[in-house]
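Undergrad: This structure is in structure tokens; I'll ask about it shortly.
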Amino acid sequence: MDSSRNFIRIRLRQLLLMTGGVFFLLLFVEALYALFDVPIPHFFLVSLVLLGGALCLVPVFKNASDVLRIIQGISELATDGVVITDKHNKIVYANPAVMDTYGYSFEELFGKTPSLFKSGIQDAAFYRAMWKSIREKGSWTGEIWDVKKNGDYILKNMRIETIKNSKGKVRYYLAVHRDLTEMQALQSEKELLINYDQDTQLPNKRYLLKRMQSLIDDQVPFQLVLSKVRNSVHLSDKHSQKQYTETFKELEKRLKKTVSASFYAQVDSEFFAVILHKRIKNEEAFHEQVQSVVDACEEPFTNALRFKMTAGALRFPEDGDEAKDLFNKAMVTFEISAAEGNRYLLYNHRFHKKLSWEYNVRDALYEAVQRTEFSLRYQPIVEFETGAIVGCEALIRWTSKTLGAVPPDSFLPIAEKYGFMTDIGAFIYETGFQDKRIFDQVSNRTLHMSVNASVHQFAEKDFADTFLRIVRDHDLPPQEVCLELTESSFVSDYNRLNKDLHALRKAGVRVAIDDFGTGYSSLKRLQTMEADVLKIDRTFLAGYPETSDGNLLKAMVQIGKSSEFSVIVEGVETKAQHDLLEKSGCDAAQGYYYAKPLSKDEFVSALKNS
Ligand code: C2E
Ligand code: CA
Ligand code: CA
């Protein structure tokens, strides 16, 4: 719709009406004169017609020329929205950009006030300040959140100018709107470097976070969809990098057009984020909305180029109120979605809590392995016969730069799941065996060094060979090293472990069944297990003497001894427990009663004093 022509058409209609009015007035006067038989003073009638016509034409052409002049003046800014209102703030003109952006026709806008665009995000004080500036300075410039006909919010940079007549009276208000996403073109080169992806020139993660934070500060509701291309390997084989990069630029345009995305960011080469401002009534509407984003992404670009997506989505303010936190939550949601093979998944705080911990640990472990944030503690193992420290168990400790101290029970299963155990295991064995040489020197004895291993480590190729190589690299006789494996791994994975354990024992390494009594191994199996040491779990000592008589523990020690194992009891915390064990016939014990796990230096001091 050409709105400037429209304006003139409406004014011409007014002109016709007024001319018609004057014509009837003329007839009326003529009839009056005929009635009273008075000759008509033609010059009077002609003057009346001319005067009426002139009166009509003056405002029409004056207004029209004003508007035409203004339209001409702003024609270069055609991509910006232009709205002209009269002195009563009624819309008399809106350019095509406004109608495109807001989704109204000119008829729907004409005669209305711009409050039609009000989003309700700015409060009354905001509008009071705006009008004060317009009245006093004749203009106002600022950012404003509007709402489109379809309910979407948009952020605009707006300039309002008053247009006055020669007597200084306001005749029109001229408002120029600029969609803030278009402001990208005005960013400085430095801003371009830090806020934009260097390949696609699209906003990057940093810019995304900035945009999210500013929406949060302004309390503007939004939805964030994080999405990744699932079939990228297949696509990048078939297409050049340039073609692939161009696709993302095309995708940005498509999402802005089809789902009214207000912001698009390239998080990494195949990962992008979209911000939308929809009025979401319920969960179902949110589903529909995210689905429409994914649908738009999966629409083929060419016959051979079609994305398959995985997405994670959430909402502000419902799911959080901090940009980084929301981004991380969306990322976790995305990861679960990807792991489950979904097209998309919506954030849910119930599953998130557990999984975000897992993903945080996983991400922190990447760093930990690079920077070696791990250390070892050594817990003394005390022999009953002599009362001396005969060995120690190396226990890992992790103080993460981002998460602080994380207990081994908490991070080791995650490290196993995500494949960090090869690196962590190598660190434990290298460090432990190196320190053992120092302990031997200080104590002038041959101490046993116990290290732990999980079945996952055994699943690695050549675990037994690698372990033996590290032992030999430190010039240690394998007999002085004990490898602890939980009883449950002997039960569930014994067939797989058997060969390796046999090889290790053949080379001289001692093998211990850790946490014995918790893994349900049959006593018959016990006799054929590839192991030398039984470490009875601390739960069998716990509660003695208050709630347990210790008989079960004594029986377990007997079984171990009669099956020719060396028996160690864990978790000795009191003198009473120590006394019970001394009489039970077990070989050695470990627990807070003797010492907590100690740092290398503390263990050296303990050895010197014993
Ligand atoms: P675990 O192998 O049974 O290690 C003994 C655990 O009992 C240690 O906990 C130790 O600090 C704790 N403990 C020692 N004496 C007492 C006591 O008197 N009372 C009580 N209540 N607890 C005592 P930690 O260091 O937290 O290790 C927990 C588990 O994490 C270990 O159980 C082991 O399964 C695993 N782990 C620790 N370090 C390593 C490692 O280097 N490699 C592997 N694969 N697993 C490890
Ligand atoms: Ca252990
Ligand atoms: Ca244990």
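The values are calculated or read from the model by the stated rules, or taken from the named source; none is laboratory data. Small disclaimer: the values here were computed from a predicted structure and weren't measured. Methodologically, a virtual Cβ is constructed for each residue, glycine included, from the backbone with ideal geometry; neighbour enumeration extends over all protein chains shown. Just so you know, the surface numbers come from the protein's heavy atoms only, side chains and all, with ligands and any DNA or RNA stripped out. Shrake-Rupley method; radii C 1.70, N 1.55, O 1.52, S 1.80 Å.
Undergrad: Beyond 17 Å, how much of the Cα-Cα pair distribution for region 389-487 remains, as a whole percent?
TA: 53 percent
Undergrad: Solvent-accessible area per residue for region 312-378 at a 1.4 Å probe radius, Å²?
TA: Ligands and nucleic acids excluded, the result is 49 Å² per residue.
Undergrad: Now for a different question. Determine the distance separating the Cα centre of region 152-178 from the Cα centre of region 453-518; give it in Å without decimals.
TA: Going from one Cα centre to the other spans 80 Å.
Undergrad: Run through region 503-610 and list the GluC sites (Glu not before Pro) located in a DSSP loop whose Cβ has at most 13 other Cβ atoms within 10 Å. Each step should come with its number before you reach the end.
TA: Details: sites: 530, 546, 564, 570, 573, 582, 602; in loops: 530, 546, 564, 573.
Answer in residue order: 546, 564.
Undergrad: Return the long-range amide H neighbours of residue 393 (sequence gap of 5 or more, or a different chain), with a cut-off of under 5 Å between placed amide H atoms.
TA: Those qualifying (amide H under 5 Å, at least 5 residues apart or on another chain) are 379, 381, 450.
Undergrad: Moving on to the next point. How many lysine pairs are close in region 406-548, with Cα atoms under 21 Å apart and the two 8 or more places apart or on different chains?
TA: 7
Undergrad: Out of the trypsin sites (Lys or Arg not before Pro) in region 451-493, which ones are loop residues according to DSSP with at most 10 other C-beta atoms within 10 Å?
TA: Counting only loop positions with at most 10 other Cβ atoms within 10 Å, the trypsin sites (Lys or Arg not before Pro) in region 451-493 are 461.
Undergrad: If you don't mind, there's one more thing I want to ask. If a/c stays under 1.5 just call it rounded; otherwise compare a/b with b/c (prolate if a/b is bigger, oblate if not). Do that for region 196-347, with a ≥ b ≥ c from the square roots of the Cα gyration tensor eigenvalues.
TA: In terms of gyration-tensor shape, prolate.
Undergrad: Here are some pairs, 118/329; 156/281; 132/278; 554/596; which of them have Cα atoms lying more than 28 Å apart in this structure?
TA: Values: 118/329 31 Å; 156/281 25 Å; 132/278 31 Å; 554/596 24 Å.
Violating the 28 Å limit, Cα to Cα: 118/329; 132/278.
Undergrad: Now for a separate question. Hey, with R₀ at 35 Å, roughly what FRET efficiency would residue 206 and residue 375 work out to, going by the Cβ-Cβ distance, to 0.05?
TA: With a Förster radius of 35 Å, E is 0.55.
Undergrad: Here is a follow-up. Among the lysines, which fall within straight-line cross-link reach of residue 401, defined as a Cα-Cα distance under 19 Å, with same-chain neighbours fewer than 8 residues apart omitted?
TA: Answer for residue 401, where 19 Å is the Cα cut-off: 324, listed by chain and number.
Undergrad: List the residues, sorted by chain then number, that are 5 or more residues from residue 261 or on another chain and whose placed amide H is less than 5 Å from its amide H.
TA: 256
Undergrad: What's the extension gain from residue 579 to residue 542 if we count 0.36 nm per residue and subtract their Cα-Cα distance?
TA: Net length gain for the segment: 11.9 nm.
Undergrad: Which aspartates and glutamates, if any, have their Cα less than 13 Å from the Cα of residue 87, not counting same-chain residues under 8 positions apart?
TA: 161
Undergrad: So, one more: Please list, by residue number, every one of the trypsin sites (Lys or Arg not before Pro) in region 245-293 that is coil in DSSP and has at most 10 other beta-carbon atoms within 10 Å. The partial results should precede the final answer.
TA: Values: sites: 249, 253, 254, 256, 257, 278, 279, 281; in loops: 278, 279, 281.
Passing both the DSSP loop test and the Cβ count: 281.
Undergrad: Taking R0 as 30 Å, what FRET efficiency do you get between residue 249 and residue 112 from their Cβ-Cβ distance, rounded to the nearest 0.05? Intermediate results must be reported in sequence, preceding the final value.
TA: Values: r = 37 Å, r/R0 = 1.23.
Once rounded, the FRET efficiency stands at 0.25.
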